[in-house]
Structure formats: structure tokens, C-alpha cells
1. Which ³J(HN,Hα) values, rounded to whole Hz and listed in residue order, are derived for segment 299-311 from phi using the Karplus coefficients 6.51, -1.76 and 1.60 in 6.51 cos²θ - 1.76 cosθ + 1.60 with θ = phi - 60°, glycine and proline given as x?
2. I need to check one value: relative contact order of segment 485-609, counting alpha carbon pairs closer than 8 Å and at least 6 residues apart, in percent.
3. Under the √(5λ) rule applied to the eigenvalues of the Cα gyration tensor, what semi-axes describe the equivalent ellipsoid of segment 216-353? Give them in Å, descending.
4. For helix 494-516, report the angle its Cα long axis makes with the longest principal axis of the Cα atoms of the chain; keep it between 0 and 90° and round to the nearest 10°.
5. Could you size up the charge dipole of the chain around its Cα centre, putting +1 on the beta carbon of Lys and Arg and -1 on that of Asp and Glu, and report it in debye to the nearest 20?
6. Sequence gap of 8 or more, or different chains, plus Cα separation below 22 Å: how many lysine pairs satisfy both in segment 58-305?
7. For the chain, find the longest principal axis of its Cα atoms and tell me its angle to the long axis of helix 314-332, 0 to 90°, nearest 10.
8. Quick check on segment 58-305: of the DSSP beta bridges with both residues there, what percent are antiparallel, nearest 5%?
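Coordinate-derived values only; no laboratory data. Owing to the predicted nature of the structure, the values given are computational and were not obtained by experimental measurement. Note: ideal-geometry Cβ built from the backbone for every residue, glycine included; neighbour counts use all protein chains shown.
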Amino acid sequence: MSSPKKPVTTIKIGWAFAGCLLLLLAASHLPLMHRLDFFWLDTLTHWRAMQREPPSDIVLIDIDTYSIEAMAPEVGAWPWPRATHAYLLEWLNEQGAKAIVFDIWFSEASLYLKEMDSYFAEVLANHDNIYMPTLLYSGEAHNVKNLAERSRFHPFIEPTARADNNAKADVLWPALGQPEHWRLGLINFLSEPDGIGRQYHVHIEKNGWRFFSLPAIVARDFAYPLPEHSPIRLDWFGKRPPIQTLSYHDVFQQVKSGAANSTLKDKFVFIGSTATGNHDLKPTALDSQYPAVYMLITAFDNLRSGEQLHWSPWYAVWAGLPALLLMWLVVVAELSYWRVVAAALVMTAALVVASFLGIHQAVLIPIISPLLVVIVFLFACAVLRYLQARDERKSTVELFGRFLDKNVVQQLIDSGLTETSQLAQERVITVLFSDIRGFTTLSEQHNAATIMRLLNQYFTTQVDVIFKHQGTLDKFIGDAIMAFWGAPLDDAKHAEHAIQAAMDMSDALDAFCREQQLTGFDIGIGIHTGPAVIGMLGAQQRMDYTAIGDTVNLASRLEGLTKGVARILVSEATRASCPEAFDFVPHGEYKVKGRSEAVRVFEPRSTHR
């Protein structure tokens, strides 16, 4: 028989742990897993955003649906003449606005109102706090042929040590005013693999040139330090609107009336649109239709305050490794199913709590990918345990099927007893030895083939009787049989069952002799009850389930005393174990080898005879 299987399975579980750790490392860098993680992380992001108070020095003048409809009779349909914005710009500067940032395109010249474009350009030339957006396209340059030359006019373009002086870039330039009066920055939308915008560029690098974003340019112009890394992960404001918002129409009425508005003094004023019809809505962590101007404002405030959310693919590894270690310890400890479930729930709760604690510190701790890897690990362990149990059941059937009735073997399996659980234990059992009398005479009367056939048939009938009475066949010793009761299954009446089996073996022998027409063929049976060591015994290559000890030796000696006395003899200990089940005829005391005291023996007889 093979050696115990538990260490082998523990090693396999270790390999499963190592494999799942590698899976965690791989999964943490897979876009698909990031999508799953952000189902949870976006929820936490939204929760954090709802707790954050917006800055008081930022104002949005909103070109909302109401303004587009209300101003149509005055200035016409959208897009409005550039003079409309020019009037607003001059008025805002009169109110003391610190900076005015457009989230509106000025990339096309007016066809019929060129004088209004000129007025707007004049305002740009007269004020150095007006910012406009631009885009960097991924294709080859059409509007710029030399970045080195353009960078002299546009501070949002900077060379790095790797800058190519002949590089080209396709940038969406304004179509009014002079380049030296433009204060530009990129507003390229940055989406993740799932199409959601959660980050904002600080700068984009191309051919060794850095193109700074519009929020970064405004922050830098007001001496706010910029991070070296790009992009940043936005730390949002969740309320709608997330910032102090004024309707463009209402502000424009103040412009026309010449009214003052002291609340705009020293404010960063952003001008953009939340109107659905203007199609400037983006999918973000907060909303699938989120106004892009809110992203612009959020990015600017994050840059100047130094606040941003922090996330890395490695966070999944840092969160998943302790969870995997915990479940590995739980599995190796072989806890019950419900304790494993409880440990898994505790581990899940710990990850959730850690994720909530992380979001309080602006750290996004993923839990979906770690949990999925832990589930894979538990599934792998369940499969390994199932395979182990299957192998143990198979081993149990193969081992005990040679010693026990198949129904008893099934009881063994159902009760969880296996080869490995029966390594060694001391129990009180009843041991039976049966030996053939007259075997020499039988051998002289028949050839070897006949002798083997008769012995096989005889042993079959006797083993059937032993199994019928739920005995354990230990071994054949030449023409002798050794069996015992009380192990591996508990049997409170093991002495009674052993005696009844012996009496039925005697009856079976008589029937066998009549059937085979044998004479002079007899057996002797000795039975003793006492403590013995029960378990697997043998070499690494082969182990058998057996009993050893003085109890076994005495049962063998009693069998030797039966000749000329009785076919069945039992010890006083066996008789004392079932005094009411049989009539016991005393046959005196005998000295046996290995014992200083004489042994009293009895012949059991049925109480019905």
C-alpha cells in the first residue's frame, strides 16, 4: 500500500497557492480585471466625491440649455457671435476675475461677422489671464511644421532632453487673434480600456516634446507646482453641480446692464457648456454623461491642491497576497467546510474594510480581482481535496476489501475511516484463529491441484461466514485463518459476534465435508478477547491492516489446545464479555507458552441446543 497522502496534497496545495499568486500578478495587469475592479472602485470614488466640499474660488459660467434658449432672440442660435464672449471677458476682468478659462472651441473663423472675431482678438491682446483649449491629434502635422519654432510663442509646448527639433505635431489652433496672444492648453480626453475617463493629462509627450494640458498651464501660471508624472487620477466633487455655477444668460444680463458682481473678484472663472445638445458630455467614474467642463475644473483644482486619487495595478497584489495567505493557512489546517466559509467571509469583509479605509486616504484598493483569484485558489483546493478523497476511497476499497465484507467497507468510507486514519491505535478486540486438522492425510489422498481447489473453496466458505458476522480477515497463515472483531469499525458485541462466527464456521465446515465427501478433515478454533495494537503494518512497498500483541498470541495458543478437547475454545476474558449469549462448558486450565499463569478455557454452545 502507498504511504499517507496528506503531505502530497499539502504540497499540491502549495503549488496551487504559487500558481494563484502568479495568476494574481498577471490578473493585476490585465485590462479586463481592471474593468471588474473598477465596478467597485468607481462606487467608492463616487462615495468619496459626495463627501468632498468644492473650492470656493472657482466659478463656472454655464452655457446650459436655458441660456441657449433664452439668448437666442438676442444673439441668435448657438454658436453665438464671438463679440458676446468678448463683452463677457471685459466685464469679468472689471470684476477682478483672477483667470478666465474657456472650454469652448475657437478653431473656426466666423464667415460673416469677422469684425466680431477682431473684437475678441483685441480683448485677448489686452488681457493675459484668458485661456483657451486646444487638441493634440495623433496623426502627422498639418498646422505646425516646426515645434521648436512654435514653442517660442506657446508655453504649453516644451522640449525635453529627447526633443526632435524637426518634429511635427497636428494641433488644433484657434482661428482668431495672434499666436503670441494665445494662452493654450490641451483638453484631450483620456479614457481607460473600458472607455471611462478617470484621469487627466498633466502633459502629453510626443517626439520628445511635452504638450501641457489646459489645467496644468493655468496652475503653472499661478505658481502651483506640477507633478512630474502624467496623468493624474481625478479626485472628484460629486454633488451636481459640483462647483459654484452661474447661468451664462443671467451673467450676460449683468454685463448688458453694467451691474457689478463682487463675488467674482479673485475667482477662477471657467466658461463651458453642460447642455446636452452641445455634445460635450463624457463617460466618467461618476456618470456616463458627465460635462467635460467639470472634468477640466476638477483637474485644475487637483493640480493646484496636490490632491488626486492613487491607484496602481500592484495594489491588487498587495491586497490579494494577505488574502491568499490566509486562505492557504485555512486550507492547510483542514478546517471544516463552514469554518472555511467563515474564514472566506472574514477575509472578504477585511478587504472591503481595507478598501473603505483606503478611499478615505484617496487610495483605491481593488478587491474584485483578489477575490476572484482567492475563489480560483479555493476551487483548486476543493478539486485537490476531492481527488485526494477519491484516491483514499479507492485505496480504502482496495485495502479493506480484502479483509472485510463490501458492506462493511462502505460503512468505513461513510464514516471517514481511511488507510491513513488507521495507522496505529490500541483497542480491545476479539481475535479468532482457525487451523485445519488432518491436512496431511488430505494431501496424501489427492493431487496438488485438487488440494488447491479444495482449500480455495474451503477458505471461501469460511471467509463468507467471517464477513457475514462483520469480522475482519487479517491473514491466511498456510492453512490457518486469522480474523478479529472490534476494528476497524467499533463493535460493542465483538466477542459475541466472533463466537457466533466460529460456530457458523463449524457448521459450514460440516456442510463442506459432506458436499466434497471428505473424511478426516477438521478444524480447531481459538478465541481470545483483549487489548491489541491495530493498524497498518509492513514496508513502504506494501502495508497490511493487522493486529499485533499478546491477545493475538493467546488466541493462537488456544487454537492449539483444541485438538482432542473441542473444536472451539474461548478464553475466560471472551466468556466474560458475553456471558448470557451462550452456554459455556469449562474445559479446565492449561499452561501456554509465554504465560506464567494457567489459562482457563471454555467451549461455547448455543443456548438453543
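1. Coupling constants for segment 299-311: 4, 4, 5, 4, 5, 6, 8, x, 8, 6, 7, 10, 8 Hz.
2. Details: 183 pairs, mean separation 27.5, N = 125.
With pairs under 8 Å counted, the relative contact order is 22 percent.
3. Numbers: eigenvalues 473, 69, 30 Å².
Working from the Cα gyration tensor, I get semi-axes of 49, 19, 12 Å.
4. Rounded to the nearest ten degrees, it is 60.
5. On the way: 52 positive and 64 negative charges, 301 e Å.
Computed charge dipole of the chain: roughly 1440 debye.
6. Pairs that pass both the separation and distance tests number 11.
7. In the chain, helix 314-332 runs at an angle near 10 degrees to the longest axis.
8. Details: 14 of 34 bridges.
Bridges in segment 58-305 are about 40 percent antiparallel.
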